[in-house]
Amino acid sequence: MTTRYFLIYKPFGMMSQFSREGDKPTLANLPFQFPKDIYPVGRLDADSEGLLLLTNDSFLNNRLLNPKFKHQRTYFVQVEGQISTEAVQKLQTGVTISIDGKPHTTLPAKVQVLVNEPLLPERNPPIRFRQNIPTSWISLTLHEGKNRQVRRMTAVVGFPTLRLVRWAIEDVKLGAMQPAEVVEVEKEGLFKKLKL
């Protein structure tokens with residue numbers, strides 16, 4: 001079997017799967033004909049956007065999804081309000097969120113307040129803009145991937161997520177990719193950036 005690797009910029013509102021569920025667009029709606037045995041490694045919620053890796057390589061799938069092989073995922077997160085130093089410190093040390101009705105304390109995370117808004121394509125549709133409520137951007141790097149973790153984390157420290165973009169998996173970055181763009185990459189370069 002020939003292993004193949006694709007990076008995509010998953011647009012806002014799209015499901016991270018090929019099979020149809022309800023009326024939301026899926027990966028099958030991307031302007032690209034993927035081989036039949038290609039699947040996404042992990043997922044991004046429909047209301048999140050950014051970097052998604054697709055492959056037929058079961059080794060890579062296991063390395064990126066098995067919690068014992070902790071790997072870094074970096075998100076650019078726009079939150080409601082001017083995020084406080086205290087909230088940033090809580091996110092860095094770990095907060096308790098609810099996963100499937102059970103308390104889960106997140107692992108320490110790298111958090112950086114971004115002085116300038118990251119250079120990202122406009123979101124379609126744009127986030128709801130409110131004149132009297134400021135927003136701020138943070139970069140958040142996690143080593144775990146619980147369901148809706150980033151949103152739960154920012155909510156628990158009092159700064160709800162407005163826009164969530166996965167920017168990087170280890171050293172594989174979105175860069176200048178645009179929503180719905182698909183790029184096929186070579187195994188050697190990809191594995192090097194993923195530190196495998």
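Rule-based calculations on the coordinates, nothing more; no lab input. Small disclaimer: the values here were computed from a predicted structure and weren't measured. All Cβ positions, glycine included, derive from the backbone under ideal geometry; neighbour counts span all protein chains shown.
On the basis of the beta-carbon distance and an R0 of 45 Å, Phe129 and Phe69 show a calculated FRET efficiency of 0.65.
Largest GNM mean-square fluctuation among Arg63, Arg151, Arg130, using the chain with Cα springs under 10 Å: Arg130. Applying the criteria of a DSSP loop state and at most 11 other Cβ atoms within 10 Å to the chymotrypsin sites (Phe, Trp or Tyr not before Pro) of the stretch 110-196 yields Phe129. From least to most packed, judged by other beta carbons within 10 angstrom and beginning with the fewest, Arg148, Arg163 follow the order Arg148, Arg163. Normalised by the number of residues in the chain, the mean separation of alpha-carbon contacts (under 8 Å, six or more apart) gives a relative contact order of 30 percent. Computed on the stretch 112-182, with alpha-carbon pairs under 8 angstrom and 6+ residues apart, the relative contact order is 30 percent. Here the sum of -39500 (n - 2.57) over DSSP H runs of 4 or more residues, divided by the residues of the chain, equals -4500 deg cm²/dmol at 222 nm, to the nearest 500. One chain, two ends: Ser98 and Thr3. Fully extended at 0.36 nm per residue, the span grows by 30.5 nm beyond their Cα-Cα distance. Just checking my list (i) 1.06; (ii) 0.96; (iii) 1.11 against Rg/Rh (Cα atoms, Kirkwood Rh) computed from this structure; which label fits? Evaluating Rg/Rh (Cα atoms, Kirkwood Rh) on these atoms matches (ii). The GluC sites (Glu not before Pro) of the stretch 80-184 that meet both conditions, a loop assignment by DSSP and at most 12 other Cβ atoms within 10 Å of the site Cβ, are Glu122. Subtracting the Cα-Cα distance of Tyr39 and Lys173 from 0.36 nm times their residue separation leaves 46.3 nm of extension gain.
For the stretch 27-87, chymotrypsin sites (Phe, Trp or Tyr not before Pro) are listed when DSSP marks them as loop and at most 16 other Cβ atoms sit within 10 Å of their Cβ; the list is Phe32, Phe69. For the cross-link pairs Lys68/Lys110; Lys68/Lys146; Lys102/Lys195; Lys68/Lys173; Lys36/Lys187; Lys10/Lys146, which exceed 21 Å when the distance is taken from alpha carbon to alpha carbon? Table pairs above 21 Å Cα-Cα are Lys102/Lys195; Lys68/Lys173. Sequence neighbours fewer than 8 away in the same chain don't count; with that in mind, list the aspartates and glutamates whose C-alpha is under 20 Å from Lys192. Cα-Cα hits under 20 Å: Asp57, Glu170, Asp171, Glu184. Each label was represented as a point 7 Å from its Cα along the Cα-to-Cβ direction; for Asn147 and Lys110 these points are 2.9 nm apart. Remark: spin-label model distance Asn29-Glu186 equals 3.5 nm, labels positioned 7 Å along the Cα→Cβ axis. In terms of other Cβ atoms within 10 Å, Thr105, Thr135 run from fewest to most in the order Thr105, Thr135. Short-range pairs are left out: with C-alpha atoms under 8 Å and at least six residues apart, the relative contact order of the stretch 73-169 is 51 percent.
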